[in-house]
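The values are calculated or read from the model by the stated rules, or taken from the named source; none is laboratory data. Not measured: the values here are computed from a predicted model. Note that we place each Cβ from the backbone using ideal geometry, even for glycine, and neighbour counts take in every protein chain shown. Note: accessible area is taken over every heavy atom of the protein model, side chains too, but ligands, DNA and RNA are not part of it. Shrake-Rupley method; radii C 1.70, N 1.55, O 1.52, S 1.80 Å.
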Amino acid sequence: MKQFDIIATSAMGLESIVAKEVRDLGYDCQVENGKITYKGDQSAIARSNLWLRSADRVKIKVAEFKAYSFDELFEKTKALNWEDYLSADVEFPVSGKSVKSKLYSVPDCQAIVKKAIVDRLKSKYKQVSWFAETGPLFKIEVSILKDVVTLTIDTSGAGLHKRGYRTGQGEAPLKETLAAALIMLTNWKADKPFIDPFCGSGTIPIEAALIGQNIAPGFNREFVSETWSWMDSKVWDEARIEAEDLADYDQYLDITGCDIDHRMVDIAKANSFEAGLGDLIEFKQMQVRDISTRKEYGVIVGNPPYGERLGEKKAVEQMYREMGQAFKKLDTWSVYMITSNPDFEQHYGKPATKKRKLFNGFIRADLYQYWGKRPPRQPQGE
């Protein structure tokens, strides 16, 4: 089967998480800023889209070359075998970006790449007129970094964070891909209790349940490459059967999501049902200061308010203090909080075991990690 150069794109700071996921699928990969590159066949494209929890998109790299002039960009793009991917009727919009390059006008680069592909396809399909573009969608991107041009085709369609379960959301929802990454950065396993004290529309608890039962995050949605004539539908069928076979629907989960707003709790419940998780997750209306449990060795993951708006800062900092007091009693639990507030540790009342720089959208944030006591080692059997 033909091998493709595949790129899984990643938010800044999550590259190592995406790379581990790619390797877990069985593909050797290289890590660069914002992208993980590897080789794979059609099955790799389907499985990557279905399984990658923390990646943004899965793309095919058509070519990479240097270009210092528009003529060079045109000729090198036209020389590529676009007919291997694009039939005569496909719709192929071209988007672009350019950083630190001689060819800095993105609209011009997009237009030139489009014209070069059209000229190539006209000569291959012996077509005189313009293409009608009434067929399947192929989103092409021209990306230029330091005069190196990368031409890609997006295989995902809607971003991978769009799992298909969100019926409603709050004001600042956490992307599903980042929520999954936060969980994968913890020591949580499906047999441990899990709490999100700021669950909002339920994204973190839902992602935890999908991870806990090994459910492919893309099981509930479609991908643009499923419409492509050269992507064998059998490949997608097999990838979905594999995902179904690997899901562990019998795995018991102890996952709780809490929020101060009862409307968000109702939305979280609806999203959980839409994800097919039904009553697996318990959602409660509750303030973080009231959280207590007799359970041990659990994990708390949260995306609390950051207090970035005027007038909110003092209330948020008071809430951080109350959270620190409440969680002080849970000394066997590990706590992971993402916030852009630089004084979080001071208000929480304890320095983090470890900090990790991340981005929540365009907001620079830190993941503050507080590791709980380890369970006592079980004595070895005779």
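Give the span of region 71-128's Cα atoms along each principal axis, as three whole-Å numbers ordered largest to smallest.
For region 71-128, the Cα spread along each principal axis is 37, 21, 19 Å.
If I compute solvent accessible area with a 1.4 Å probe over the protein chains, what percent of it on the chain is carbon and sulfur? Don't skip to the end; give the middle numbers.
Numbers: 9570 of 18980 Å².
The value for the chain is 50 percent carbon and sulfur by accessible area.
What angle, in degrees between 0 and 90 and rounded to the nearest 10, separates the Cα long axis of helix 203-212 from the longest principal axis of the Cα atoms of the chain?
Between helix and principal axis, roughly 90 degrees.
Using the alpha-carbon centroid of each, what span in Å lies between region 10-61 and region 311-345?
33 Å
Students often forget the sequence filter, so: which lysines lie under 21 Å Cα-Cα from Lys115 once same-chain residues fewer than 8 apart are removed?
Hits, sequence-local ones excluded: Lys61, Lys66, Lys76, Lys78, Lys97, Lys102, Lys124, Lys126, Lys139.
Quick one: which of 171-183, 132-144 comes out on top by average Cβ neighbours within 10 Å, and what's the full order, highest first? Intermediate values should be presented prior to the final figure.
On the way: 171-183: 22.3, 132-144: 18.1.
For the peptides 171-183, 132-144, the packing ranking is 171-183, 132-144.
Calculated from the structure, P(r) over Cα pairs in 10 Å bins from 0, in percent equals which of [x] 5, 23, 33, 25, 10, 3, 1, 0; [y] 5, 21, 27, 22, 15, 8, 2, 0, 0; [z] 5, 21, 24, 20, 16, 10, 4, 0?
[y]
Helix 42-51 versus the longest principal axis of the chain: what is the Cα-based angle in degrees, 0 to 90, to the nearest 10?
30 degrees
Evaluate the Kirkwood expression for the hydrodynamic radius of region 287-382, namely the inverse of the mean inverse distance over all pairs of different C-alpha atoms, and round to one decimal in Å. Show your work: numbers first, answer last.
Details: mean 1/r = 0.0692 Å⁻¹.
By the Kirkwood definition, the hydrodynamic radius is 14.4 Å.
Using alpha-carbon pairs under 8 Å, 6+ residues apart, how would you state the relative contact order of the chain in percent? Please list the in-between numbers first.
Values: 768 pairs, mean separation 54.3, N = 382.
After rounding, I find 14 percent.
Could you tell me the largest-minus-smallest coordinate of the C-alpha atoms of region 1-147 on each of the three principal axes, in descending order and whole angstroms?
Result, largest extent first: 47, 35, 22 Å.
If you restrict to DSSP beta bridges whose two residues both lie in the chain, what percentage is antiparallel, to the nearest 5?
Working: 41 of 62 bridges.
Around 65 percent of the beta bridges assigned by DSSP in the chain are antiparallel ones.
What is the Cα coordinate range of region 84-198 on the first, second and third principal axes, sorted by size from largest, in whole angstrom?
64, 35, 28
How compact and how long is region 20-61, expressed as Rg and Dmax of its alpha-carbon atoms in Å?
Just the Cα atoms of region 20-61 yield Rg and Dmax of 9.3, 25 Å.
Enter the accessible area per residue of region 1-149 (Å², integer; probe 1.4 Å; all protein chains in place).
Values: 7020 Å² over 149 residues.
Normalised by residue count, the accessible surface of region 1-149 is 47 Å².
Determine the per residue accessible area of region 206-321 with all protein chains present and a 1.4 angstrom probe, expressed in square angstrom. Don't skip to the end; give the middle numbers.
Values: 6280 Å² over 116 residues.
Dividing the accessible area of region 206-321 by its residue count gives 54 Å².
Debye calculation, C-alpha points only, no solvent: report log10 I(q)/I(0) for region 313-359 at q = 0.20, 0.25, 0.30 Å⁻¹, in the same order as the q values.
After summing over all Cα pairs, the log10 values are -0.68, -1.02, -1.32.
For the chain, find the longest principal axis of its Cα atoms and tell me its angle to the long axis of helix 313-328, 0 to 90°, nearest 10.
Result, in degrees: 60.
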